[in-house]
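So the structure is just underneath, and the comments pick up after that.
The values are calculated or read from the model by the stated rules, or taken from the named source; none is laboratory data. Just so you know, these numbers come straight off a predicted model, no measurement behind them. All Cβ positions, even for glycine, are placed from backbone atoms using ideal geometry, and neighbour counts span all protein chains on display.
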Amino acid sequence: MFQGLTLFGQALFSFMTWQTLINAIWATELGIIIGMLPGLTATMGVALLTTLTYTLAPNDAIMILICMYIGAIYGGSRSAILLNIPGTPANAATTLDGFPLAKAGKAGKAIGIATTGSFLGSVIGMLFLAVFTPLIGSVALSFQSFEFVWFSIFGIIICGNLTAPKDPLKGWIAGFIGLFVAMIGMEGIHAYVRFSFGSTDLSGGISLIPAMVGTFGFAEIISVMRYSKVEVVNSEIGRIVPRPSELLKYWKTIIRSGVVGTFIGAIPGVGEDIAAWVSYDLAKRSAKPEERELFGHGSVEGLLASETGNNACVPGAIIPVLTLAIPGSAPAAVLLGAMLIHGVRPGPLIMLESPLFVYQVIAMVLIATIAMFVLGLTMVRPLVKVLQVPRQKLMPVVFLLCVVGSYALQSRLFDVGVMIVFGIIGFVLREMEYPMAPLVLGIILGDILDKNLRRALILSNGDIGPFFTRPICLGLFLLTMLIVLGRAKWVKGLMAKIRKPKADAKA
Amino acid sequence: MTDKSMAKADFITSLTLLAFGIAIVVLSIQMPMATDANQSKFSAPGIVPGFIGAMLSLLSFAMLLRSIRHGGASGLAPKPGAVKRLFAQETTARILKTTGLCVAYVLLLGKLWFPIPTFFFAFAFIVLFEYDFKSAFKPQIRKVAMAFAIALVSTALVTLVFQGLFLVNLP
């Protein structure tokens, strides 16, 4: 406990330099701008900045990326409130109450509530990050290949289930396509080149960053350019800083949304949008009847719940990145990639190999959260002008960044081609309601699954028993089956038949 | 997409993915066994891709059955004039223009000095989406000038920042 606090203090103190603080301010502000522009997502922002910061020292680069991540998830609330268009998918629930508040002439109040909610959500998430990372890290030390195989499969299944609630089958397919993409190129045990068909470029594998910039960047550019105009609503910006009484009134909602957001963040690949929706739904269910009627028509509690939930998800999503090297959300996946690029090895050994890094990440989250809070409350009016930049002027510049960003890491034009191909495939798949988060998670988890499944089979000499008898494996297997069977129609029908006679008997 | 057209799209996609999944399984089986190199047979490089291919086939098959149940297999041939109508839509034209411009730009990279295709891409993108080709040129000079300025500034900034500051050897 005290050792943790000492390490945290040490980490925080090491960041108290002008250079680091200036980096935190510009990266958070850029994150807010990227987040508030519809079509530019947090994932895209983090992916583009990864390529821009790879020449910096690891701590500076990771700090900038975390600031971008937190800033972008918060920034999306601006366009959700002022334009009724979520800046990032994470802010979709924010539009429900944020925009009606803005229309009622309370845009300033809505922005203030969203900023404070985001700040408190991040703080709650950060506390969980500080408490649970060392704990999970020490538990994860006992994990073997058998557990990692199940974590990979469970990650794909739950991510597909939650990101495609209408049709989880498509989510699972997207996840397995992602796993396949990770199989392309030289494998890590025998150095055998798979699925390259003689291409030297393919034998190096498909890099995560160009694939992500394609699916989240180029695909988004095509989506945004499809329609000609966005209506900009000129709302009055009044008082921004919320009154403490307004926040104290909803303290239960803040804590609940913070905890729920963090928990959802820690589930592999699920992300901020689900965290916001679940927090919003829970707040609505537990609201007083007179407040519940306001949900969807300008409820302060609804706005607070969604914004607290989505920002609490950010530190939550970093927990599995640090402890298991499995990302909790799509932007966290890029963050994981960036850590690997900078020579940091997240995973179960991190608390043994570099415990200070864990506390440095917590300090980075704290600095980013404070920067987001201060910038969020002070730079409201000038930033509203950014929303009025026409998309046809903005998107070519964004595309240039996508191209150079994909190219910069390895100086290969092949990676630019990968970005284009993934962008087009991503756009088509999205049109057919395939979620992209499981695909990206699959690309990350593919390598973990590949090495651990074979390693586990070698250890057990081909016996699949340990996959079902080790306690954590059994738990993950049962959870996976529960998720899959829970969505099957025949199982639902069977359950209804079982319930019906019981209900009849009671009657 | 309507439910009917989604069922059709699912039918075609599931067939494609099923073929894709089976192809992965076949290619995985053809991969060398690790025993050739005196290693455990369970370390064979085809095991995991084979598993992924099998899972993909299974899931695609489930989607295929569902799409057939929802009528996705019937009336697959497009109605007369449907393709023409699709291409006449403004959204389709905008998607094709965006994709075409971006792909053309990427194809030119490495063949010309980086700032040249970059400037022309940015300029063409803005003009193509902002300029009204049916109206006279004179009242739209400002639009063209603005596109020129944005293209010039963004090209210069991207080139200088990445080449000068981040030391990226641009194509």
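So is A:ASP201 of a type in the set (Asp, Glu) and within 12 Å of chain B (Cβ to nearest Cβ) or not? Criteria not met by A:ASP201.
When the criteria are applied in full, A:LEU141 meets the requirement of being surrounded by fewer than 20 Cβ atoms within 10 Å (Cβ to Cβ) and away from every other protein chain (no Cβ under 14 Å). Exactly one residue among A:VAL403, A:VAL418 is facing another protein chain (nearest Cβ under 9 Å) and either more than 27 Å from B:LEU165 (Cα to Cα) or assigned to a helix (DSSP H, G or I) (or both), and that residue is A:VAL403.
Summed over the range B:26-50, residues that are more than 7 Å from chain A (Cβ to nearest Cβ), in a helix (DSSP H, G or I) and crowded, with 19+ Cβ neighbours inside 10 Å total 2.
The residue that is nearest to the other protein chains (Cβ to nearest Cβ), counting only those in the range B:115-146 that are of a type in the set (D, E, K, R) and assigned to a helix (DSSP H, G or I), is B:GLU130.
Within the range B:114-124, the set of residues being out of contact with any Ser or Thr (no Cβ under 8 Å at 6 or more places or on another chain), surrounded by 20 or more Cβ atoms within 10 Å (Cβ to Cβ) and within 20 Å of A:SER406 (Cβ to Cβ) comprises B:PRO117, B:PHE121. Across the range A:426-459, the number of residues qualifying as without any contact (Cβ under 8 Å) to a residue 12 or more places away in the chain and more than 8 Å from chain B (Cβ to nearest Cβ) comes to 1. Take the residues of the range B:148-171 that are under 27 Å from the mean Cα position of the chain (by Cα), surrounded by 15 or more Cβ atoms within 10 Å (Cβ to Cβ) and not small (Gly, Ala, Ser): which is modelled with the lowest pLDDT? Going through the qualifying residues, I end up with B:VAL168. Inspect the range A:374-385 for any residue being crowded, with 24+ Cβ neighbours inside 10 Å and not small (Gly, Ala, Ser) and give the result as yes or no. Scanning the range A:374-385, I find no residue that is crowded, with 24+ Cβ neighbours inside 10 Å and not small (Gly, Ala, Ser), so the answer is no. Just one of (1) in contact (Cβ under 8 Å) with a residue 60 or more places away in the chain; (2) away from every other protein chain (no Cβ under 12 Å); (3) part of a helix (DSSP H, G or I); (4) more than 24 Å from the chain's Cα centre (by Cα) fails for A:GLN392. It is (2).
Checked against (1) of a type outside the set (D, E, K, R); (2) assigned to a helix (DSSP H, G or I); (3) within 10 Å of chain A (Cβ to nearest Cβ), B:ALA156 meets all criteria but (3). For the range A:154-173, residues that are more than 8 Å from chain B (Cβ to nearest Cβ), touching a Leu at 6+ places or on another chain (Cβ under 9 Å) and either hydrophobic (A, V, I, L, M, F, W, C) or assigned to a loop (DSSP other than H, G, I, E, B) (or both) total 5. Would you mind stating whether A:LEU476 is touching a residue at least 24 places away in the same chain (Cβ under 8 Å), in a helix (DSSP H, G or I) and within 11 Å of chain B (Cβ to nearest Cβ)? No; evaluated as a whole, the condition is false for this residue. Of the residues making up the range B:66-95, those that are of a type outside the set (Gly, Ala, Ser), closer than 24 Å to A:GLY426 by Cα and within 11 Å of chain A (Cβ to nearest Cβ) are B:ARG66, B:GLN89, B:GLU90, B:THR91, B:THR92, B:ARG94, B:ILE95.
Inside the range B:65-113, residues that are more than 19 Å from A:LEU400 (Cβ to Cβ) and not in a helix (DSSP H, G or I) make up a count of 13.
I want to confirm something. Restricting to the range A:33-59 and keeping residues that are assigned to a loop (DSSP other than H, G, I, E, B) and either of a type in the set (S, T, N, Q) or closer than 24 Å to A:GLY98 by Cα (or both), which single residue is farthest from the other protein chains (Cβ to nearest Cβ)? Going through the qualifying residues, I end up with A:THR41.
Cβ-Cβ distances below 6 Å connect the following pairs, each with a first residue in the range B:47-65 that is under 12 Å from A:PHE176 (Cβ atoms), a second residue that is aromatic (Phe, Trp, Tyr), and a separation of six or more residues or different chains: B:ILE52/A:PHE176; B:ILE52/A:PHE180; B:MET55/A:PHE176; B:LEU56/A:PHE176; B:LEU59/A:TRP172. The number of residues in the range A:174-210 being under 28 Å from B:SER43 (Cα atoms), in a helix (DSSP H, G or I) and among the hydrophobic types (A, V, I, L, M, F, W, C) comes to 10.
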